[in-house]
Each structure stands twice: as structure tokens, then as C-alpha cells.
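Shown next, in C-alpha cells, is the structure this report addresses.
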Amino acid sequence: MSTYSTHQLNVEPCTDAAEWDAFVEENDGSPYSLWGWGTAVETYGHDRFYLVARAGETIVGALPLIHMESRLFGSQLVSPPFGERGSLVLRNDHPETAEAATAVLLERTKQLADDLGVDFVSLRGAAIEPQQDFTQKQRFVTFSVPVDGSSESVWDGVKSSRQRQIRQAEDARLEYRVGDSLSDLKQYHKLYLKSMRDHGSPPHSFEFHRVLWENLAPEGHLHLGMVELDGTLINGIIDLSLGSTVYQWGVITDYEYRDLQGGSFALWKSIERANESGFDAYEMGRTREGSGVYMFKKSFGGTKVWYDDLHYFPSDSAELPDPEKESYEPLKRVWKRLPIPVTQTIGPAVRKDISL
């Protein structure tokens, strides 16, 4: 039992970005929990509720929440939107407060959800035991690649067929470089628009990417990898990092050049960089078990890890978002035929309300 009761802890909104980020960074939070992620989400007009539990003046727990409301996708309270691992962060050096901090933050989340009239609350990648009407679901999986060994051991963990594809990309004279300017980000976003259109998915706005860049890149939390053929970008990857882990987030491909294996090359360079930079693990991002993407990621030698998501349904009946829903297939086929300027214009207005 915790030596603290919920009555000894106060829950309040946090408005101090520096205090919030210091807590997240010191206590193994994810980059999706950083203040800058919420700032980028706010560009879409969503409301931020960043809650902290305090024992006196000391923060012992934090929970970033975003309220997303739309006519098409309903009302949601999400942590984090557009990412798969975030939600509750607990103070490492106060284990005696962990149970009480978890309880009081979940209770306040329920109250907020009821006040806002949301359809559901989704706390993603939350290492929290179900309680207080929250239920646990495992819908998505990732692979965690250990990168704390020698570079040779990390390479040896990659399946031999994938190693051949990486060498094939090098033989095709593909060049990898690190994006370090707003101009590079614009180049990334241009290919991102094409890649999302080809997937049948609406894209994020450039403003969303720009605000992420300005808030996370200067502190080293965002890394942009670019694979080029004769100066033309054909693959790109955005990694986010905090603490001991690098998290894959934004992977893009020009499918006209997919036979050159630039995707395998880009991902390997990200893993290699994580190893050289002293991180412990590279997390591959969300996928469905058994899919083609799942098999691709598995070939890089990681351990399968399920995302434990907690959900609260105020009305006991709500449908969670599912990008693979059959009813979306006709819309995806139409989207793939649209000109990119059209998807660039109308896409963010749709994407902003898709919390996945």
C-alpha cells in the first residue's frame, strides 16, 4: 500500500512548460509527453489539459491530455494524439506516491471526461493496471530493437535478407544525410504529401511539422533522416528521442524508387545512429500484428512488445478509431486518385481529428 493517500495529493493544471518538461525528462517520459508535442497539436485548435499531481510543491505524477472534438469522429480525450506511447509519467524517486498519484490523476481524468461529454478516453502505451472503470486493450504492437551493444552485434541482429537489401541500397549509390534546416523539413514534407496520398491517408499540415521541429529539434528530441538519389529525396524518417529510447514516428517513401530499398537503408541508418549515440533501444512504432509492415519491422531483430492502452467509456458504448476499418476502403481508393495540391489543402482538416 502507498504511504500517501489521494487526500494528501493535489491535482492541478500545469502551465509552466519548463517545469513540465523537466519532470518528463527526469522521469523516463516519452517525447510524445513533452510540452512541444502538445504545442504542435494545439495548432489544430485542440484543447490541452496537462495535469500534475503534487505532494506539497513537488510534482509526483503528470498526465498530458488533449481534447479532440469533431462531427465526423466524435469527442475524445487522448494521451497522446498522433502517437502511441505517452500518458502517465510518475516520479522515479518517490515510489511511495506512485499508487496514489495514479489513482488521483485517473480520477481527475474521469471527471474531466464526464464534464466534457467525451465518447471515450484513450491513454496510450500506459504501463498502468486497469482501475477506476478504465479497461485495458492491446490493439497494436511494436518491436523494440536493443542498440546498447556493439555496432557489430546490432548489425548481426538484422535478418540476412534485410542486410542484403541495405547493401543493395548502398550499391545503388543512395546517400543518407541528416536534415538540419527548415528547408530540409520542407523537402521532407513535400515527399510526405505524396507518400500519404499513395497510402490513401490524409496528411498533417506543414504547420504541425514546423512547430514540432521548432520545439523538439533544438533540444535533440527530433531527428530527420533523408535518403537521396542524385540529390532527390526518395525516403525520409523522423525519429523522436528522450531518455534511453529512440522512437520511430514519421516514415515516408517515394514508391517509384522502392526497388532501390531506400526504406530498409533509412531505417538501418536510424538504428545505427541510435547505437552510436548511446541509446539503449530503438522502438519501431505502431503496427498491426501479422501485417506486411509488421514483418518488415520484425526483420530488424527487435522484440515484439504490445502497447497497453487504457480506455474509459463514460456511456459504456463507444467505438475506438480503427484505420483498417472496412468502411474506409472506398474513401482510401478515392483519396489515392486525388491531386496532391487537393490533399494538401483538405487533408489536414481531416487528419487533425484522427487521433491515431
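Rounded to the nearest 10 degrees, the angle from helix 182-199 to the longest Cα principal axis of the chain is 90 degrees.
How far, in degrees from 0 to 90, does helix 340-351 lean away from the longest principal axis of the Cα atoms of the chain, to the nearest 10? Result, in degrees: 20.
Computing FRET efficiency as 1/(1 + (r/R0)^6) for residue 306 and residue 230, where r is the C-beta to C-beta distance and R0 is 45 Å, gives about 0.60. Give the separation of the Cα centroids, segment 1-61 to segment 249-310, in Å. The distance from the Cα centre of segment 1-61 to that of segment 249-310 comes to 29 Å.
Hey, quick one: spin label on residue 48, modelled 7 Å out along Cα-Cβ, who in segment 6-23 has an amide N within reach, i.e. under 18 Å? It comes to 12-23, nothing else. For the chain, the fraction of C-alpha pairs more than 31 angstrom apart is 35%.
For segment 143-306, go through all pairs of different Cα atoms, get the mean of 1/r, take its inverse, and jot down that Kirkwood value in Å.
16.1
With a 10 Å cut-off between alpha carbons and a GNM built on the chain, which of 112, 90, 267 moves the most? Looking only at 112, 90, 267, the largest GNM fluctuation is found for 112. Helical content alone sets the calculated 222 nm signal of the chain at -11000 deg cm²/dmol, taking -39,500 (n - 2.57) per DSSP H segment of four or more residues and averaging over every residue. Straightening the chain between residue 159 and residue 58 buys 31.7 nm, computed as 0.36 nm per residue apart minus the Cα-Cα spacing. By a 1.4 Å probe calculation restricted to protein chains, residue 133 has an accessible surface near 110 Å², given to the nearest 10. Accessible surface computed residue by residue for segment 143-306, with neighbouring protein chains in place and a 1.4 Å probe, gives 44 Å² per residue. Can you give the FRET efficiency for residue 71 and residue 190, using 1/(1 + (r/R0)^6), R0 = 35 Å, r = Cβ-Cβ distance, to the nearest 0.05? Efficiency for this residue pair is about 0.70. Calculated accessible area for segment 6-132 comes out at 39 Å² per residue, all protein chains present (probe 1.4 Å; ligands, DNA, RNA ignored).
Between helix 17-26 and the chain there is an angle of about 80 degrees, using the helix long axis and the longest principal axis of the Cα atoms.
For the chain, the fraction of 1.4 Å probe accessible surface lying on carbon and sulfur atoms is 47 percent. For the pair residue 138 and residue 112, the difference between a 0.36 nm per residue extended length and the Cα-Cα distance amounts to 6.9 nm. Sparse packing (at most 15 other Cβ atoms within 10 Å of the Cβ) combined with a DSSP loop state is found for the following trypsin sites (Lys or Arg not before Pro) in segment 146-223: 159, 173. As a rough guide to protection, the peptides 12-18, 200-206, 269-275 ranked by mean Cβ packing within 10 Å, highest first, stand as 269-275, 200-206, 12-18. Checked against a 23 Å cut-off, the cross-linked pairs 297/336; 159/304; 269/298 give Cα-Cα distances beyond that limit for 297/336.
The values are calculated or read from the model by the stated rules, or taken from the named source; none is laboratory data. Since we're looking at a predicted model, the values are computed, not measured. Here Cβ is always computed from backbone atoms with ideal geometry, including for glycine, and neighbour counts include all displayed protein chains. The accessibility values were calculated without ligands, DNA or RNA, using every heavy atom of the protein model including side chains. Shrake-Rupley method; radii C 1.70, N 1.55, O 1.52, S 1.80 Å.
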